[in-house]
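Report on the following structure.
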Amino acid sequence: MVIFSLKIRHIVRTLSVNIDHIATLRQARQADFPDPVQAAIMVELGGADGITVHLRKDRRHINERDVELLRKTIKTELTIEMAATEEMTRIASRVRPEQVTLVPELKTEVTTSGGLDVVKRYSKIKPFAQRLKRSGIRVSMFVEPVRAQIEAAARLGADVVELNTDRYCREKNRRAEILGEMENAAGFARELGLVVHTGHGLDYMNIVPILELDIAEGFSIGFAIVARALMVGLAEAVAEMKRIVEVYS
Ligand code: PXP
C-alpha cells in the first residue's frame, strides 16, 4: 500500500476591505447613498473576511450610524480604525468591533499619513489600549516597519501590528529595499507573538511581492478596491440607465 504524505503549506491570509470611500462619495453630495452598509453586504458577497471603517473625529466619511448598523448587519469581522482618544474609545467599547486599529489622525491629512508613534505616545495610548482590551476587542496598531515601534506596540499589549505599506507603494525605485525592511519587521513582530497585517496604498499589483514573501497574514485595502469597483461597474450602470431612456424612445 502506498501512503501519500502530502505536506500542504496552507497559510490563511485575510482581506478586510476598507469602505470609507463609499461614504466619501455619499458625503460629497450629502445624500443618503451610496450607503456603506449596503456596500458592506456586497463586499462580503465578494468574499472579504472583514469590513474596515475609519471613524474620524471630523466624521468626513464614516459616521456613528454607519458603525452601529455595520455592527448589526455584517457577518464577517468589523474593524474600526480610530485615534486613541476618549471619544473613540467610548464608541468602540459600546459598538464592540472584533478589532480596533489605532492610527494617528491629523485634521489636515487626506488619508492616514504615517504610522502611529507608539514609542513617543506610549503613555497616552496605554489607558485606551487597556480599556479596549478589557472590552474584549482585539487591538491592532498601525506602525512603520521599525523595531522600536513594534516592540512598544507589543509592550502595550497589542495583538496585531499593521505595517504601513505607504512608503513601499509610493517609492517605486526603493521597493526591494523597503520590502527587506518589512520582511525583517514582520519576522521581529512574529517573534514577539504579534500577528502581522499590512495596509495603505496596496493595489492589485503591488500586493503580490508582499504575498510572495509571506510578510503578512492580514491585508487592509480600501481605495484600490473602491476605485476598481467604479471601473468594472460603470458600463453596467450606464447600460441600466440607457435601457430606461430607451423605453421612451
Ligand atoms: N490601513 C490603515 C491604517 C489606513 O488608515 C488605511 C486608509 O484608511 C488603509 C489601511 C487602507 O488604505 P487604502 O485605502 O490606501 O487601501
Once amide hydrogens are built 1.01 Å from N within the peptide plane, the residues lying 5 or more places from GLU162 or on another chain with amide H under 5 Å from its amide H are MET141, PHE142, VAL143, HIS197
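Using only the Cα atoms of the range 186-249, construct the convex hull and provide its projected area averaged over every direction, in square nanometres to one decimal.
Values: hull surface 22.1 nm².
Computing the convex hull of the Cα atoms and averaging its projections yields 5.5 nm².
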For the range 1-123, what percent of Cα pairs sit more than 27 Å apart? 26 percent
Inter-label distance for MET42 and TYR248, nm, one decimal - labels placed 7 Å from Cα along Cα-to-Cβ: 2.5 nm
Taking the Cα-to-Cβ direction at ARG65 and at ARG13 and moving 7 Å from each Cα, how far apart do the two end points lie in nm? 3.8 nm
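Report the FRET efficiency, 1/(1 + (r/R0)^6), for ARG228 and ARG96, where r is their Cβ-Cβ distance and R0 is 30 Å, rounded to 0.05.
Numbers: r = 31 Å, r/R0 = 1.03.
Step by step, r from the Cβ atoms, then E = 0.45.
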Could you tell me the relative contact order of the chain? Use alpha-carbon pairs under 8 Å, at least six residues apart, and round to a whole percent. 16 percent
Fraction of beta bridges assigned by DSSP in the range 1-146 that are antiparallel (%, nearest 5): 0 percent
Using only the alpha-carbon atoms, how far is helix 36-45 inclined from the longest principal axis of the chain? Give it as 0 to 90 degrees, nearest 10. 70 degrees
Once the piece of chain linking GLN27 and MET241 is laid out straight, how much longer is it, given 0.36 nm per residue of separation minus the C-alpha distance between them? 74.7 nm
Computed curve, the range 130-197, Cα-only Debye sum without solvent term, log₁₀ I(q)/I(0) at 0.22, 0.26 Å⁻¹, is -0.85, -1.07
Once phi is turned into ³J(HN,Hα) by the Karplus curve 6.51 cos²θ - 1.76 cosθ + 1.60 with θ = phi - 60°, what whole-Hz value does each residue of the range 64-71 show in order, with x for glycine and proline? 5, 4, 4, 4, 5, 5, 4, 4
Degrees separating the helix 122-134 axis from the principal Cα axis of the chain, which is the longest one: 70 degrees
Report, to one decimal in Å, the Kirkwood hydrodynamic radius for the range 80-216 based on all distinct Cα pairs. 15.1 Å
What base-10 log of the normalised intensity I(q)/I(0) is obtained for the chain from the Debye formula, alpha carbons as equal point scatterers, at q = 0.10, 0.17 Å⁻¹? -0.51, -1.33
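None of the figures in this text is laboratory data; all of them are computed from the coordinates on show. What you see is a predicted model, and the numbers here were worked out from it, not measured in a lab. Virtual Cβ from ideal backbone geometry, glycine too; neighbours counted across all protein chains shown.
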